[in-house]
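**Q** Take this structure, written in structure tokens, and hold onto it; I'll ask about it next.
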Amino acid sequence: MQQFIDVVLPIPLEKLFTYAISQEEAEFLRPGMRVAVPFGKSKIYTALVHHLHASPPLAYDPKEIHQILGEQPLVNSIQLQHWHWIAKYYMCTLGEVFRSAVPSAFLLESETLILKNDRVAVDEMNLKDDEFLIYEALQHQSSLKVHEVSAIVERKNVLPILNRLIEKNVILLKEELYEQYKPKLVRFVKLADAHTSEKDLENLLQSLTRAPKQSQVILSLFQLNASQEKPIKVTELERASGGSKAVIKSLVDKGVLEEYFIRTDRVTYDDGQGGHEVKTLNPYQEEALTAIKNSFESEKVTLLRGVTSSGKTEVYVKLIEQCISRGKQALYLLPEIALTTQLIGRLQEYFGAKVSVYHSKYSIQERVEVWNNVLENKQKAQVVIGARSALFLPFLHLGLIIIDEEHEGSFKQFDPAPRYHARDAAIVLGNLHKANVLLGSATPSIESFYNVAKGKYGYAEITRRYGDVVMPDIELVDIKEQTRKKRMKGHFSERLMEEITTTLEEGLQVILFQNRRGYAPIVECTTCGHSPQCPNCDVSLTYHQYRKQLRCHYCGYHMALQESCQACGSPTLDTKGFGTEQVEQEIGQLFPDAKVGRMDLDTTRGKHGYEKIITAFEQQELDILVGTQMLTKGLDFRNVNLVGIMNADSLLNFPDYRAHERAFQLLTQVAGRAGRTKKRGKVIIQSYNPYHQILKQVSTHSYDEMFKEQLYEREQYKYPPINKIIKITLKHKEYNKLNEAAEWFSKSLRNVFGGSVLGPEYPPVARIRNQYLKNIIVKINQDQSLPKTKNSIRRIEKSFKSISFYRSVRVIYNVDHI
Ligand code: ADP
Ligand code: ZN
Ligand code: ZN
């Protein structure tokens, strides 16, 4: 009897696709295995076997598969169930989930670009003949497509060869280009050879008599050389001489000093010993742990609310210990890659080589390795830390999922589909595995706390900081008044200046928070009022002083800053608003002796971008760290005593029903970085509106009050967690077509759902990358069926797409988190 398989293709197809297989293949194939299949006129894809059967498709003649890839399933049945849930719940296709769930090395296809890997020396002897042919071709051509490879080796099915070449590190796939491994490089200085003799040196110092700062640097370098054998870091020289980077740089430019780099690997794991004594919990932690275990007994998802620095991580460690001692795998999800840096170290102390890390900044090879380790349930992958994509690893025996900082918005994936929320998807995964699920936060999301209030989730809390450190003292400063009285220095109030001064005098560190990167979000001509806009998006260009550039934060467009107004030619340009770059510059001028660093999207590119800054701050090479919300999340710095929030207002005035909740969480979290060890920390919040309810609640640590108030508002306006909500975004490059389409779509929705439909409305940035956007929101009552609602929406989309004029309009769904 003819056998068939239904496969998932990694493209947005609504249905599974059927292929014919031989009897022999049928005996070998199992769900979750990969096959190379032809699709369309000439494409080849890697597809995933969904199931085998004996009924031919009615609508088309099934093609045969090209080849089976791999001996074992790549994906297990629990994963497939999980993917089905995600596709259904978040209104996307199984193919889209497949594509985003597995590392792209497993998804070779005819369009994949293949490059040679320059980073490793290839042992040609080690290559088979066909492999060598490809290797050789890549010496002459910078990249190859799969069909070109086929031509070279005169064979149709080349994916297995390519897979072998990836494993042998001979080739790379195109998309890897931007994430090549960059080891941490430390800058060192020495005297240039021409100046090392005593005589030369005398001459040199003579020549520098007019440049006292420079000669000070030279003298300090000598002292350092005399007192230590080891090479001298640039940062060391800066500190010893009191000279700035600029002074050292000018000496380098003159050829007096030479810079050189030494590679240092920061992530040196103490070869997997681990086995540090787990810390003894204090009574509050102990109590929380017991409450969590009891709640797990009754198979409930459990929320741990513990104030910042209460020692939640140590409680997690106990749970992980217990989980792996029962032979099960543990997954620890974090919202931000930056956090994994600190956590790896902490967890490895206890669990050594059992800890693996998985996130998008890892190279394909590294991701494939972790994937395989988890699949084979290796010792190395008993504990996996990761950002949201770690959720898709092929766990077999998951015993525990921890979702730390569960309130964080970055758990939601916005683009591309699946537009899932990792916390919610993790809870479903936990269910499928019958694993325990713990959510942790100092500032739980309204929906999670609501679930506790309703009794759906279990609950535990820690209300004190570890070591009985008092919660930081939070002071609100009215910058409107300060500005009126002319008491501001740049963007710094008197109070903030005073506190920075004392903190630095005490040898403690400062964090300054401003939720915007760049120098200023708007450049404006004072003569005619013109301000440069992005040509592709409806948004002003942000000024980045460091590169003298205007940049768009939505599409990446950039141009050089013009000397004069492009509209009227007047040279009087001014900036409005301020970002981290400006804060960094001002603080450098106000406190010229302090070492200032900056942590935002611009300074943390590359795999090790975060590590460099976090390490420098941890090791007190920096006194002050300026940053965006990136530095608010869960980082544990021992020596920070002051946190300054430059301007809280932009957080509060965001047009979004979650804005107040988010502002509370963000401010409480940043504040929580202050005074984590001994001394009580200090927080200064600058605002034009210091009497705002949310700021009061932050300064008095009143989570419960915030929760009550926000919940009341959500009830009033029918927002989550009371109602469910789906946002439908329509997208097209023609303004008129989009408007018409949005009218059509919303009218059809209203016919079914009446008053629960809002919009269509333009979002705050109504055009991005030359595509206009319009949003429609559907609110869904608690007694209304969510699956039925989604089906109705899908039906409307189908009729919509059947109108040829609208076919090119993109329809994007965001469920729950919009
Ligand atoms: P949270 O995650 O709640 O903000 P952390 O887990 O980072 O707090 O703990 C704050 C600090 O207190 C950490 O530096 C941690 O090492 C320390 N700490 C917490 N619990 C203990 C304990 N039981 N024994 C010793 N140190 C602890
Ligand atoms: Zn002008
Ligand atoms: Zn743009």
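The values are calculated or read from the model by the stated rules, or taken from the named source; none is laboratory data. Keep in mind the model is a prediction, meaning the values are calculated, not measured. Because the Cβ atoms are built from the backbone with ideal geometry, glycine has one as well, and the counts that use them run over all protein chains shown. The accessibility values were calculated without ligands, DNA or RNA, using every heavy atom of the protein model including side chains. Shrake-Rupley method; radii C 1.70, N 1.55, O 1.52, S 1.80 Å.
**Q** Need at least 2 residues that are open to solvent by 30 Å² or more (accessible area, probe 1.4 Å) per element, so show me which strands (runs of 3 or more DSSP E) inside region 372-469 make the cut, counting only ones lying wholly within it.
**A** Details: elements: 383-386, 398-404, 436-441, 458-462.
In region 372-469, 458-462 are the strands (runs of 3 or more DSSP E) which contain 2 or more residues that are open to solvent by 30 Å² or more (accessible area, probe 1.4 Å).
**Q** So, in region 113-139, how many residues would count as being in contact with a strand residue (DSSP E or B) (Cβ under 6 Å, 6 or more places away or on another chain) and assigned to a loop (DSSP other than H, G, I, E, B)?
**A** Residues that pass the stated criteria total 1.
**Q** Continuing with this model, one more query. Is it the case that some residue within region 659-670 is out of contact with any Gly (no Cβ under 6 Å at 6 or more places or on another chain) and free of Cβ contacts under 8 Å to residues at least 12 places away in the same chain?
**A** Yes.
One line per residue, one yes/no per condition, for (1) more than 30 Å from GLU618 (Cβ to Cβ); (2) outside any loop (DSSP other than H, G, I, E, B):
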| residue | (1), (2) |
| --- | --- |
| THR503 | no, yes |
| ARG516 | no, no |
| VAL523 | yes, yes |
| THR527 | yes, no |
| SER531 | yes, no |
| CYS537 | yes, no |
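**Q** Here's another thing I want to ask about it. Please go through region 315-338 and give me each residue that is open to solvent by 20 Å² or more (accessible area, probe 1.4 Å) and out of contact with any Ser or Thr (no Cβ under 7 Å at 6 or more places or on another chain), ordered by number. Spell out how you get there, then give the answer.
**A** Residues of region 315-338 open to solvent by 20 Å² or more (accessible area, probe 1.4 Å): 318, 321-322, 324-328, 336-337.
Answer for region 315-338, where residues must be open to solvent by 20 Å² or more (accessible area, probe 1.4 Å) and out of contact with any Ser or Thr (no Cβ under 7 Å at 6 or more places or on another chain): LYS318, GLU321, GLN322, ILE324, SER325, ARG326, GLY327, LYS328, ILE337.
**Q** Do we have THR668 as open to solvent by 10 Å² or more (accessible area, probe 1.4 Å), more than 25 Å from HIS421 (Cβ to Cβ) and in the same structural domain as GLY490 (by TED's automatic domain parsing) here?
**A** Numbers: open to solvent by 10 Å² or more (accessible area, probe 1.4 Å): yes; more than 25 Å from HIS421 (Cβ to Cβ): no; in the same structural domain as GLY490 (by TED's automatic domain parsing): yes.
Answer is no for this residue.
**Q** Contact list please: Cβ distance under 9 Å, first residue in region 562-573 and at pLDDT 90 or above, second residue within 16 Å of ligand 1 (Cβ to nearest atom), pairs at least six apart or on different chains.
**A** Taking only residues 6 or more apart or on different chains, not a single pair turns up.
**Q** Give just the number: which of (1) open to solvent by 30 Å² or more (accessible area, probe 1.4 Å); (2) not in a loop (DSSP other than H, G, I, E, B) does TYR546 not satisfy?
**A** Unmet condition: (2).
**Q** Kindly evaluate ASN225 against the criterion of being free of Cβ contacts under 8 Å to residues at least 40 places away in the same chain, closer than 27 Å to GLN620 by Cα and either open to solvent by 50 Å² or more (accessible area, probe 1.4 Å) or over 45 Å from the mean Cα position of the chain (by Cα) (or both). Spell out how you get there, then give the answer.
**A** Details: free of Cβ contacts under 8 Å to residues at least 40 places away in the same chain: yes; closer than 27 Å to GLN620 by Cα: yes; either open to solvent by 50 Å² or more (accessible area, probe 1.4 Å) or over 45 Å from the mean Cα position of the chain (by Cα) (or both): yes.
Yes: the conditions hold for ASN225.
**Q** Does region 318-328 include one or more residues that are part of a strand (DSSP E or B) and more than 11 Å from ligand 1 (Cβ to nearest atom)? Please lay out each step first, then the result.
**A** Applying the first criterion (part of a strand (DSSP E or B)) to region 318-328 yields none.
No, that holds for no residue.
**Q** If you scan region 312-341, which residues turn out to be within 15 Å of the chain's Cα centre (by Cα) and polar (S, T, N, Q)?
**A** Correct list: THR340, THR341.
**Q** Here is a further query. Examine region 339-353 for a residue that is crowded, with 19+ Cβ neighbours inside 10 Å and not in a helix (DSSP H, G or I), and state whether such a residue exists.
**A** No, there is no match, as no residue in region 339-353 is crowded, with 19+ Cβ neighbours inside 10 Å and not in a helix (DSSP H, G or I).
**Q** Also, quick follow-up: Can you tell me which of TYR519, TYR543 is out of contact with any Cys (no Cβ under 8 Å at 6 or more places or on another chain), within 16 Å of ligand 3 (Cβ to nearest atom) and among the hydroxyl-bearing types (Ser, Thr, Tyr)?
**A** Numbers: TYR519 fails: within 16 Å of ligand 3 (Cβ to nearest atom).
When all the criteria are applied, what remains is TYR543.
**Q** Hey, another quick one. Please find, within region 94-111, the residue that is farthest from PRO160 (Cα to Cα) out of those that are touching a helix residue (DSSP H, G or I) at 6+ places or on another chain (Cβ under 6 Å) and in a loop (DSSP other than H, G, I, E, B).
**A** Among those residues, the one meeting the criterion is PRO103.
**Q** Now for a different question. Only one of these is among the aromatic types (Phe, Trp, Tyr), at pLDDT below 95 and open to solvent by 20 Å² or more (accessible area, probe 1.4 Å): TYR719, TYR712. Name it.
**A** TYR719
**Q** Something else about it: What pairs can you find where one residue is in region 746-772 and without any contact (Cβ under 8 Å) to a residue 24 or more places away in the chain and within 18 Å of TYR806 (Cβ to Cβ), the other is among the polar types (S, T, N, Q) and not in a helix (DSSP H, G or I), and their Cβ atoms are less than 9 Å apart, with a gap of 6+ or different chains?
**A** Listed by first residue and then by second, the contacts come to GLY759/ASN775.
**Q** Inside region 262-286, can you point out the residues that are surrounded by fewer than 11 Cβ atoms within 10 Å (Cβ to Cβ) and modelled with pLDDT under 85?
**A** Going residue by residue through region 262-286, those that are surrounded by fewer than 11 Cβ atoms within 10 Å (Cβ to Cβ) are 263-265, 268, 271, 277, 280, 283.
Correct list: ARG263, THR264, ASP265, THR268, ASP271, GLU277.
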